[in-house]
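The structure appears right after this line, and notes come after that.
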Amino acid sequence: MHVRTKYVEKITPYINKPVIKVITGMRRVGKSVFLKQIMDFLKTKKVNKRNILYINKESLDFDFIKDYHDLNSFVKKEFVKVSGKKYLFIDEVQEIKFWEKAVISFFTEKNIDIYITGSNAHLLSSELATYISGRYVELQIFPLSFEEFLEFRSDKKNTIDDEFANFVKYGGLPVIHEFELKEDVIYPYVFAIYNTILMKDVILKYEIRNPQLLENITKFVFDNIGNVFSAKKISDYLKSQKIKVGVDTIQDYLMYLTSTYMISKVSRYNIKGKKNLEINEKYFLGDIGIRHALIGYRDSDIAGILENIVFLELKRRGYKVSVGKIYDLEVDFIAEKEHEKIYVQVSYLLSSKETIEREFNSLRKIKDNYPKYVLTMDKIFGEDFDGIKRINIIDFLLAKNN
């Protein structure tokens, strides 16, 4: 079992502390495995296995736990003869109706350390979630970074460039490493994951009456990563395909998709005017491999694919990410955390004078002193250009510090 070391380091300070540990992320990114790694860690600290209770709502063994009453009764029964500190792990907690009521009840007992996972971004935004407001810490699990991908592939003895080509083509879902990395093996399996997310987390949860429309909207988003668009643009496209649908419906469907972590909405920010723009966002995917499984891998899409990979890496590193606008030019990413801000442009290759001018010109117009980067697949760089640093994308992904 490969240990997701960086996530373990993030969760460790909160173990045995009076906060509920909420672990979120898209299905199949490794939340369940991560829970088991925490349990293994506790056992190395001499915690008796009787003091650890694991409930997996994806297993039929726990199908009888339907609501907070069932959860409360089962946990009380399992822990009735257990003394000392107890550890409760609940996987896919959103499958339990009104789970918050039981969890906060356990929390008030002071002697239960609680860990829960969920695959819905609205898990903590419901009215009931106010029960645990101020009493939890959230850790989002992402698909494998390229650094982790290499760890999973450490026995293959391929070059880093070859493995990056695999990363671009197959994405970062940990489970794909159980198989040979071949399109006819990986894509059908990843497509099945996509179908599960769409069915369980959108169609059933939100009672979607037109699944085909949902899939058409999903395909549009997947086919337009790195592009600015609006719900109106999707509506116009569908109209051209003889499909009539209102903008409000499209906005609802986009919200449902973002709730699954399969896509992320990134707002635009006017750098000069210092305000958020309310229309025309970008959307990026939770895993690039799902895109290829749905609409196929195309070399011609490499620019948007690389932009998506960089977006996910910035999010893994804890940045809040937006898309910048300066006059009539675009900055791919403004990344901020605490007192830090960076500007990032992503390009496949700086292969022409026109490309160089396009990628650097927007950054040159920004008059503050925060670091500015252009990330490309070029191998050889000259000196920094007007203070703008040029970095190879692979070097950026494998950098040991931010």
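Tabulated results
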read-out: Residue satisfying all of: in region 335-349; farther than 15 Å from V374 by Cα and in a loop (DSSP other than H, G, I, E, B); modelled with the highest pLDDT among these; value: E338
read-out: Residue among V8, V33, V47 that alone is in a loop (DSSP other than H, G, I, E, B) and farther than 18 Å from V103 by Cβ; value: V47
read-out: Residue among E180, E163 that is charged (D, E, K, R) and surrounded by 13 or more Cβ atoms within 10 Å (Cβ to Cβ); value: E163
read-out: Residues (touching a Lys or Arg at 6+ places or on another chain (Cβ under 9 Å) and surrounded by fewer than 16 Cβ atoms within 10 Å (Cβ to Cβ)) located in region 230-256; value: V247, M255
read-out: Those residues of region 11-27 which are in a loop (DSSP other than H, G, I, E, B), out of contact with any Phe, Trp or Tyr (no Cβ under 7 Å at 6 or more places or on another chain) and within 30 Å of V202 (Cβ to Cβ), in sequence order; value: R27
read-out: Considering residues of region 340-379 that are among the aliphatic types (A, V, I, L, M) and more than 21 Å from I309 (Cβ to Cβ) only, the residue surrounded by the most Cβ atoms within 10 Å (Cβ to Cβ); value: I366
read-out: Considering residues of region 89-125 that are among the polar types (S, T, N, Q) and either touching an Asp or Glu at 6+ places or on another chain (Cβ under 8 Å) or not in a loop (DSSP other than H, G, I, E, B) (or both) only, the residue modelled with the lowest pLDDT; value: N120
read-out: I132 at pLDDT 95 or above and among the aliphatic types (A, V, I, L, M); value: no
read-out: Residue check for G30: surrounded by fewer than 16 Cβ atoms within 10 Å (Cβ to Cβ), on the phi > 0 side of the Ramachandran plot, out of contact with any Phe, Trp or Tyr (no Cβ under 8 Å at 6 or more places or on another chain) and of a type outside the set (S, T, N, Q); value: no
read-out: Meets criteria (over 30 Å from D287 (Cα atoms), at pLDDT 95 or above, surrounded by 17 or more Cβ atoms within 10 Å (Cβ to Cβ) and not small (G, A, S)) for I38; value: no
read-out: Test: residue in region 195-206 that is assigned by TED's automatic domain parsing to the domain that holds F311, more than 25 Å from L139 (Cα to Cα), loosely packed, with under 13 Cβ neighbours inside 10 Å and without any contact (Cβ under 8 Å) to a residue 40 or more places away in the chain; value: yes
read-out: Residue match in region 32-55 (condition: in contact with a Pro (Cβ under 9 Å, 6 or more places away or on another chain) and within 28 Å of I197 (Cα to Cα)); value: yes
read-out: Hey, I309 crowded, with 20+ Cβ neighbours inside 10 Å and either assigned to a helix (DSSP H, G or I) or without any contact (Cβ under 8 Å) to a residue 12 or more places away in the chain (or both) or not; value: yes
read-out: Within region 272-284, considering residues that are under 30 Å from L144 (Cα atoms) and in contact with a strand residue (DSSP E or B) (Cβ under 6 Å, 6 or more places away or on another chain), the one surrounded by the fewest Cβ atoms within 10 Å (Cβ to Cβ); value: E281
read-out: Some residue of region 285-294 being under 19 Å from K367 (Cβ atoms), part of a strand (DSSP E or B) and either within 19 Å of the chain's Cα centre (by Cα) or touching a residue at least 12 places away in the same chain (Cβ under 8 Å) (or both); value: no
read-out: Residue tally, condition of a type in the set (V, I, T), over 17 Å from Y319 (Cβ atoms) and assigned to a helix (DSSP H, G or I), over region 350-402; value: 3
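The values are calculated or read from the model by the stated rules, or taken from the named source; none is laboratory data. Just so you know, these numbers come straight off a predicted model, no measurement behind them. For neighbour counting, all protein chains shown are included, and Cβ atoms are generated from backbone atoms with ideal geometry for every residue, glycine included.
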